[in-house]
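The values are calculated or read from the model by the stated rules, or taken from the named source; none is laboratory data. This is a predicted model, so every value here is computed, not measured. A quick note on method: Cβ atoms are made from the backbone with ideal geometry, for glycine too, and the neighbour counts reach across all protein chains shown. Just so you know, the surface numbers come from the protein's heavy atoms only, side chains and all, with ligands and any DNA or RNA stripped out. Shrake-Rupley method; radii C 1.70, N 1.55, O 1.52, S 1.80 Å.
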Amino acid sequence: MSSLYTKEEALAYHSSPRPGKVEVVLTKPFATQKDLSMAYSPGVAEACMEIHRDPALAGVYTGRSNLVAVVSNGTAVLGLGDIGAVAGKPVMEGKGVLFKFFADVDVFDLEVGETDPDKLCEVVKALEPTFGGINLEDIKAPECFYIEEKLKKEMKIPVFHDDQHGTAVISGAALLNACEISGRKPEDMRVVVMGAGAAGIACAKFYCLLGVKRENVFMFDSRGLIHQGRGDLNPYKAEFAQPANAGDLAACMKGAHLFLGLSKGNLVTKDMVRSMADHPVIFAMANPVPEISYEDAKAARPECIMGTGRSDYPNQINNVSGFPYIFRGALDVEATEINDEMKIAAAKALAALAREPVPAGILKAYGVNSLSYGVDYVIPKPLDERILTAVTPAVARAAMDSGVARRPIADMAAYTKGLEARVKASHGRILPFIDSYRK
């Protein structure tokens with residue numbers, strides 16, 4: 001449990017003064033007979049017939065182009081495991097809060113009581129007329145890979161499993177800057193991955209897109225190193241199987257340049273870190289206890305670049321730095337998918353932002369006197385408002401350049417400027433409402 005709150009405070013936050021964290025609000029005036037006539041019958045028929053004539057006009061006359069479904073069956077909720085769809089609902093509502101606050105994306109959270117992958121796909125696919133995008137969430141591996149792959153093939157809107165790609169994009173940005181700081185290229189990196197679930201496999205695949213050689217990835221699951229001599233590998237793990245058993249974690253850590261942990265706490269020792277190459281990179285992202293603590297990693301190798309999923313240490317790798325802005329860019333050009341080009345663009349934009357001077361407001365928000373590009377600052381802080389205007393246009397442009405944008409943006413400078421105004425206007429509607437609840 002975090003020291004920031006008690007159990008009672010957390011439960012009160014979710015339950016009062018009204019249950020839950022999100023609600024539906026009106027976006028049009030509704031005070032007169034004329035308003036009623038236009039909002040519903042008979043005036044609504046005008047919009048219906050325009051969309052019937054041209055389905056693309058749903059983005060003009062409805063909220064579809066700004067609406068994302070956060071879909072989960074509750075089989076892998078945070079670190080809680082398979083707790084079921086209804087128990088996962090607070091997390092999905094929370095995801096909606098983040099989408100709305102950071103990027104003004106509207107969300108319906110959909111907790112689906114279905115564990116059969118094909119049946120779940122049927123449910124989601126049937127909802128395509130409602131949504132501009134699908135965010136899959138907290139679905140266990142390996143089913144999550146199959147579900148995302150199938151839906152991406154069968155749907156014409158973006159389908160994005162954030163547990164996979166969000167972690168990959170953010171840590172990928174950190175990897176790019178870590179390589180620059182340590183004087184290496186991704187293709188020179190020897191990488192050890194502890195954890196072969198959704199995030200571990202997706203990160204490894206994304207690092208390969210950034211230049212890491214597949215043969216230089218040594219991936220571990222709960223049974224040890226993934227290698228071709230094992231007969232228990234699913235196709236997704238087999239993609240990273242080493243030709244032979246190269247030994248245990250300690251053996252594979254010797255000379256490694258990067259350790260990526262997405263498993264459980266206290267699996268890595270100081271001696272393992274000492275055995276790594278010069279200027280090692282350690283992304284220990286098990287929560288709340290990392291695979292090795294920040295203090296132990298720094299004690300073993302003071303020059304290491306250390307990142308965790310925690311907010312109380314440098315280099316927090318947090319998905320909120322990615323998914324709201326990736327979806328914002330994809331929605332704004334009505335992309336048919338979120339492809340590799342868009343994810344790479346997001347990572348590069350995030351990496352570039354970390355090299356810029358940090359505004360005083362961000363320093364104040366985090367209670368620090370300074371932040372500058374280096375071993376303890378390789379990615380922007382999650383609350384950095386500049387991520388919106390750095391990542392979102394990069395994603396939109398990549399969608400256009402890669403041919404998946406159905407509504408290209410003509411003036412990118414004006415679009416970028418408008419993003420800030422849009423989110424500020426959204427906050428103007430949200431914050432007075434939140435403040436009234438606190439009184």
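Please report the antiparallel percentage of DSSP beta bridges with both residues in the chain, rounded to the nearest 5.
15 percent
Surface composition of the range 1-106: carbon plus sulfur atoms contribute 65% of the solvent-accessible area (1.4 Å probe, protein chains only, all chains present). Tell me the mean residue ellipticity at 222 nm calculated for the chain from its helices only (DSSP H runs of n ≥ 4, each -39500 (n - 2.57), averaged over every residue, nearest 500). Helix-only estimate at 222 nm: -13500 deg cm²/dmol. Taking Cα atoms only, the orientation of helix 340-354 departs from the longest principal axis of the chain by about 70 degrees. Separation of the range 109-134 and the range 247-282, taken as the distance between their Cα centroids, equals 39 angstrom.
Place a point 7 Å from Cα of Ile430 in the direction of its Cβ. Which residues in the range 1-31 have their backbone N less than 19 Å from it? Answer for the range 1-31: 13-28. Straight-line cross-link reach from Lys89 at under 15 Å between alpha-carbon atoms covers these aspartates and glutamates, not counting any fewer than eight positions away in the same chain: Glu23, Asp109, Glu111, Glu114, Glu137, Asp138.
The phi torsions of the range 178-189, fed into the Karplus equation with coefficients 6.51, -1.76 and 1.60 and a -60° offset, translate into couplings of 4, 4, 4, 5, 8, x, 10, 10, x, 5, 8, 7 Hz, rounded to whole numbers, with Gly and Pro shown as x.
Given R₀ = 60 Å, what would the calculated FRET efficiency be for Ala244 paired with Gln33, taking r from the Cβ atoms and rounding to 0.05? With a Förster radius of 60 Å, E is 0.15. Computed from the C-beta positions of Glu154 and Leu209 and an R0 of 22 Å, the FRET efficiency is 0.40 to the nearest 0.05.
Shown is the FRET efficiency for Asp340 and Glu23, computed with R0 = 51 Å from the Cβ-Cβ distance and rounded to the nearest 0.05: 0.90.
Pop out the carbon and sulfur fraction of the accessible area of the range 132-182 as a percent, whole number, probe 1.4 Å.
On the way: 650 of 1310 Å².
C and S fraction of accessible area: 50 percent.
Using a/c under 1.5 as the rounded threshold, could you call the range 222-377 rounded, prolate or oblate? The axes a ≥ b ≥ c are square roots of the C-alpha gyration tensor eigenvalues, and prolate needs a/b larger than b/c, oblate otherwise. Taking the square roots of the gyration eigenvalues as a ≥ b ≥ c, the range 222-377 is oblate. In this structure the chain gives 47 Å² per residue of accessible area when probed at 1.4 Å with all protein chains present. So what's the angle, to the nearest 10 degrees on a 0 to 90 scale, between helix 44-53 and the longest Cα principal axis of the chain? It is inclined by approximately 60 degrees.
Give the angle, between 0 and 90 degrees and rounded to the nearest 10, that separates the Cα long axis of helix 143-154 from the longest principal axis of the Cα atoms of the chain. Here the helix axis deviates by roughly 50 degrees.
Would you mind checking Lys34/Lys125; Lys95/Lys348; Lys119/Lys348; Lys95/Lys185; Lys95/Lys417 for any pair whose Cα atoms are more than 28 angstrom apart?
Table pairs above 28 Å Cα-Cα are Lys34/Lys125; Lys119/Lys348; Lys95/Lys185.
Scattering from the range 313-422 was approximated by placing one identical point on each alpha carbon and applying the Debye formula without solvent; log10 I(q)/I(0) at 0.11, 0.12, 0.18 1/Å stands at -0.35, -0.42, -0.85. By the rule of a C-alpha distance below 16 Å, with chain neighbours fewer than 8 residues away ignored, the lysines paired with Lys343 are Lys152, Lys205. Full extension of the chain between Ala352 and Asp278 gives 24.3 nm of extra length, using 0.36 nm per residue less the Cα-Cα distance. For the chain, modelled as a GNM whose springs connect Cα atoms under 10 angstrom apart, the maximal fluctuation among Ala335, Ala300, Ala398 occurs at Ala300. Of the whole protein surface, Asp109 contributes about 30 Å² of accessible area at a 1.4 Å probe radius.
Dipole check for the chain: with +1 at the C-beta of Lys and Arg, -1 at the C-beta of Asp and Glu, and the Cα centre as origin, the magnitude is about 680 Debye.
Remark: the Leu57-Tyr5 segment gains 14.1 nm on full extension, using 0.36 nm per residue and subtracting the alpha carbon distance. For a straight C-alpha distance cut-off of 20 angstrom, the lysines reachable from Lys364 (same-chain residues fewer than eight places away being disregarded) are Lys381, Lys424. When the residues Thr167, Thr336 are ordered by accessible surface, computed with a 1.4 Å probe over the protein chains alone, the sequence from largest down reads Thr336, Thr167. Computed on the chain, the Cα convex hull volume stands at 160 Å³ per residue. For the range 359-421, the extents of the C-alpha atoms along the principal axes are 44, 27, 14 Å, listed from largest to smallest.
Relative contact order of the chain, taken over Cα pairs closer than 8 Å and 6 or more residues apart, is 13 percent. With the Cα gyration tensor of the range 90-151 giving a ≥ b ≥ c as the square roots of its eigenvalues, does the rule (a/c under 1.5 for rounded; else a/b larger than b/c for prolate; else oblate) give rounded, prolate or oblate? Judged from the Cα gyration tensor, the range 90-151 comes out prolate (a/c at least 1.5, a/b above b/c).
Treat each spin label as a single point 7 Å out from the Cα along the C-beta direction, and report the Ala410 to Ser16 distance in nm. In this crude label model, Ala410 to Ser16 measures out at 5.5 nm.
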